[in-house]
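The values are calculated or read from the model by the stated rules, or taken from the named source; none is laboratory data. Source: prediction; values computed, not measured. Every residue, glycine as well, gets a Cβ built from its backbone with ideal geometry; the counts of neighbours run over all protein chains shown. Side chains included, ligands, DNA and RNA excluded: accessible areas come from the protein's heavy atoms. Shrake-Rupley method; radii C 1.70, N 1.55, O 1.52, S 1.80 Å.
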Amino acid sequence: MPRKGDPCVAPADRLPPIVILTGPTAAGKSALALELAAAVGGEIVSADSMQVYRYLDIGTAKPTAAERRRVPHHLIDLVDPAEAYHVGRFREDAARAIAAVAGRGRVPLVVGGTALYLKVLTEGLAPGPGRDPEVRARLEARWDRGEAEALWRELQGADPPLARRLHPNDRTRVIRGLEVWLLTGRGLSEVQGEHGFRDRPYRALWLGVGGERGALADRIDRRVVRMMEAGWVEEVRRLVALGYGAETPGLQALGYRQLLAHLAGETSLDETVEAIQRETRRFAKRQMTWFRRWPLTWLAPEDAAGAGEAVRNFLQSPSLPV
């Protein structure tokens, strides 16, 4: 429960309203968000951890130039692929974008499937030690030498709850978890548990898109094929020509790692497509684990009318849930 006197806590009817539209990858969030924004006078604030990177267009399913002209989008193309973009910066950037959208009398629609970003935006960021360049460099060097699995197993021993939540290939968060452990002797999950994520800066309506597993698997497979047809391989080849590679933060995104291996001659194109489809399905399953914790009202991806009605009722009723 919120703490008495906490400056971040306010009565629900005084908190600024936002609409969150989330769901697993390939569920149809973007198309529904465009329809919803047009219906309720909204602007889209992206909550996608990879759409912040320039040049990663096809593989991150960025909105097209025409879609961005139709509805204003925020937090897209913020940084170069070589720059690490972290959740704390997202919270700051998103807060500014939401305030600007609301200041124009528009509805902030926070759209994306990066669950950690949504959690931190709506519940706060647990305090932790700052980054230590020496410790981080040592961990990153080990990862780059091919010790990713060994580092994840070390995290299992140091912070089992955190390790269970992370994929062994999640370079950024595995390294951060070990960094916190080495600097403090405490697990990041323990630090987060003490924080309790009690900040509530917004009154939020939570809408989910596309949670049905069988249909989602088919959508994922077909979308990967469409991305390949749209020139995803050529996009990655251009990134390599610009000097980006497997160690680049932006190219840790799902699919880009596999395509880099293909361009290095390690896998055939068919093997690469199958691997991306398989890993994307697994990723969507992990996303759903997060989404079950939240009070989502689930919608079909084509249900723009239902989404619009839910948003209008929410905006007209200050007593609806936060």
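Couple of notes before you dig in:
- Whole-percent carbon and sulfur share, accessible surface of the chain, 1.4 Å: 52
- The chain: most fluctuating residue of SER49, SER189, SER268 per GNM, C-alpha cutoff 10 Å: SER268
- Here the stretch 11-112 is assigned +1 on the Cβ of each Lys and Arg and -1 on the Cβ of each Asp and Glu. Its dipole about the Cα centre then comes out at about 240 debye.
- Over the chain: helical MRE at 222 nm, DSSP H runs n ≥ 4 each giving -39500 (n - 2.57), nearest 500: -16000 deg cm²/dmol
- For the options THR280, THR22, THR184, a Gaussian network treatment of the chain with springs between C-alpha atoms closer than 10 Å singles out THR184 as fluctuating the most.
- Taking Cα centre as origin and charging only the Cβ of basic (Lys, Arg, +1) and acidic (Asp, Glu, -1) residues, the dipole magnitude of the chain rounds to 840 debye.
- Taking every protein chain into account, the 1.4 Å probe leaves LEU269 with about 80 Å² of accessible area, to the nearest ten.
- Under a Gaussian network description of the chain, with springs only between Cα atoms under 10 Å, the residue in TYR244, TYR117, TYR53 that fluctuates furthest is TYR244.
- Principal axes of the stretch 78-138: Cα extent on each, largest first, Å: 48, 27, 21
- Take the Kirkwood radius over Cα pairs of the chain, plug it into Stokes-Einstein at 25 °C and 0.890 mPa s, and you get 118 µm²/s for translational diffusion.
- Furthest towards positive pole of dipole, LEU56, ALA27, VAL40, structure part the stretch 22-70, Cβ charges: LEU56
- The Rg/Rh ratio for the stretch 20-152, using Cα coordinates for both the radius of gyration and the Kirkwood hydrodynamic radius, is 1.03.
- Between the stretch 49-74 and the stretch 156-183, the Cα center-to-center distance that results, in Å: 30
- Surface per residue (accessible, 1.4 Å probe) for the chain, Å²: 48
- Relative contact order of the stretch 137-225, pairs being alpha-carbon contacts under 8 Å that are 6 or more residues apart, as %: 20
- Lys, Arg +1 and Asp, Glu -1 on Cβ, resulting dipole of the stretch 24-68 about Cα centre, debye, nearest 20: 100
- Lysine pair count for the chain [Cα-Cα under 19 Å; pairs on different chains or 8 or more apart]: 4
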